Structure formats: structure tokens, C-alpha cells
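Here the structure comes first, spelled out in C-alpha cells, and everything after it is commentary.
The values are calculated or read from the model by the stated rules, or taken from the named source; none is laboratory data. Owing to the predicted nature of the structure, the values given are computational and were not obtained by experimental measurement. We place every Cβ from the backbone using ideal geometry, glycine too, and count neighbours over all the protein chains shown. Just so you know, the surface numbers come from the protein's heavy atoms only, side chains and all, with ligands and any DNA or RNA stripped out. Shrake-Rupley method; radii C 1.70, N 1.55, O 1.52, S 1.80 Å.
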Amino acid sequence: MATSLPNIWHLRRVADTAAKSCLICHKPSTSVLITPNNKDYFYICPVHLEDKHFCSPIIDAEEEEKKKKAEAMALEIEKVKKEYEEKQKRKKEKTKEKKKDDKEKDDSKESSKADAEGKDSKERDDEIDAIKNAQSTSTSMSDDSPRIFALHKNFYQMRIDRMRNMEAAKRNRQRLQDPSFFPSVPSGGL
């Protein structure tokens with residue numbers, strides 16, 4: 001065998017219109033396991049990926065770090081929200097105290113303060129929304145399910161045997177097309 005097949009399989013999804021039969025149960029499936037070098041692939045149901053006797057997930061350290069960062073960012077967002085709410089409460093209390101002390105101030109000054117507070121709150125809300133959107137796009141792109149798998153030895157050997165049989169069939173077809181493969185007609189006369 002000229003090429004070796006690594007036992008690393010990446011999970012890919014295809015459109016519903018491109019669904020083909022599962023390797024195990026022959027039901028239509030949109031999940032595909034493919035090697036990194038794109039030499040071999042097969043369709044598989046997501047249920048079979050959870051079967052511990054079929055394959056096992058390979059945990060990627062980078063993806064784990066991304067998940068931890070996303071969780072940390074969510075905690076940070078909650079912390080910022082709480083701080084912002086506390087500041088808003090303090091501002092409201094201060095404005096109430098000022099109103100009691102300075103009843104004679106102009107309405108225009110109060111409206112300008114309210115506008116400034118409104119602008120601050122709007123900017124803060126926009127910032128929080130931007131962080132949430134960035135987080136939601138990163139989490140929507142990646143499922144919580146693993147993306148890289150290693151087949152168990154029987155299924156892996158089955159894929160290797162299939163590749164060998166395909167290579168042997170290809171060699172046989174090439175040999176049959178070569179005219180020197182067949183014996184020549186005897187040239188001697190009787």
C-alpha cells in the first residue's frame with residue numbers, strides 16, 4: 001500500500017439535499033467523517049458518533065481553551081452589567097438628593113443631565129450587545145459536540161481494507177488496458 005490512512009476523522013456537515021446513506025444503518029445522513037488529507041470519507045449518523053464502540057472523540061486543546069474563554073467572557077459580561085446597574089442606582093439616588101436640595105434649578109439643566117445619562121446608558125448597552133453578538137457568533141459556529149474522532153480498530157481496519165481493494169482494482173484495470181499484459185499470438189508457421 002503506497003499511502004497510509006491516518007486514524008483521524010473530522011466531522012463535516014452537508015446540506016440536506018446532499019444526504020447519503022449511513023455506513024452503519026443505511027439511513028440518509030448529513031454528517032460526514034473525512035480524513036484531514038481528504039483521501040477517504042463516509043457518511044455517518046450523529047447517533048453512531050456517540051457510540052463508544054464505533055469511535056472516540058479526540059479532544060482538541062485549542063477548542064477547550066476557546067470554550068473556557070467564552071465562559072469567562074460571559075462571566076465578565078454579567079459583572080459589567082451588575083456594575084453598570086449599581087452605577088445607575090447611585091446616579092438616581094444622587095439626582096434625587098440634588099432635587100431635594102436644589103428645587104429652584106432650571107428644567108433645561110436637568111433635561112441635559114438626563115440626556116447625558118441616556119447617552120451613557122445607550123453606549124454601555126451598545127457595548128454589551130456587541131460583546132454578546134461576538135460571543136453568540138462564535139458559539140453558533142461551533143457545536144458543543146466534538147469535531148475530531150478516531151475510529152476503533154475494527155472499523156478503522158475495514159476502511160484500510162476498502163482503500164487497499166480500491167487500489168488493487170485500479171491496478172488491475174490499468175493492467176487490462178495495457179496490450180503487453182496479454183500473451184502474443186504465436187508467429188511460427190506450420
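Tabulated data
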item: Greater than 20 Å apart at Cα, pairs in Lys67/Lys153; Lys92/Lys122; Lys89/Lys122; Lys39/Lys170; Lys39/Lys153; Lys68/Lys122; result: Lys67/Lys153; Lys68/Lys122
item: Accessible surface of Val47 - all protein chains present, 1.4 Å probe, nearest 10 Å²; result: 110
item: In sequence order, calculated HN-Hα J values of region 14-20 (Karplus, 6.51, -1.76, 1.60; Hz; x Gly/Pro); result: 10, 5, 4, 6, 9, 5, 10
item: Gyration tensor verdict on region 1-44 (Cα atoms; rounded if a/c is under 1.5, prolate if a/b is larger than b/c, oblate otherwise); result: prolate
item: Virtual spin-label span in nm between Asp129 and Lys94, 7 Å along Cα→Cβ; result: 2.6
item: Cβ crowding within 10 Å averaged over residues, with 90-99, 172-181, 35-44 ranked highest first; result: 35-44, 90-99, 172-181
item: Residue-normalised accessible area of region 1-85, given per residue in Å² at a 1.4 Å probe; result: 68
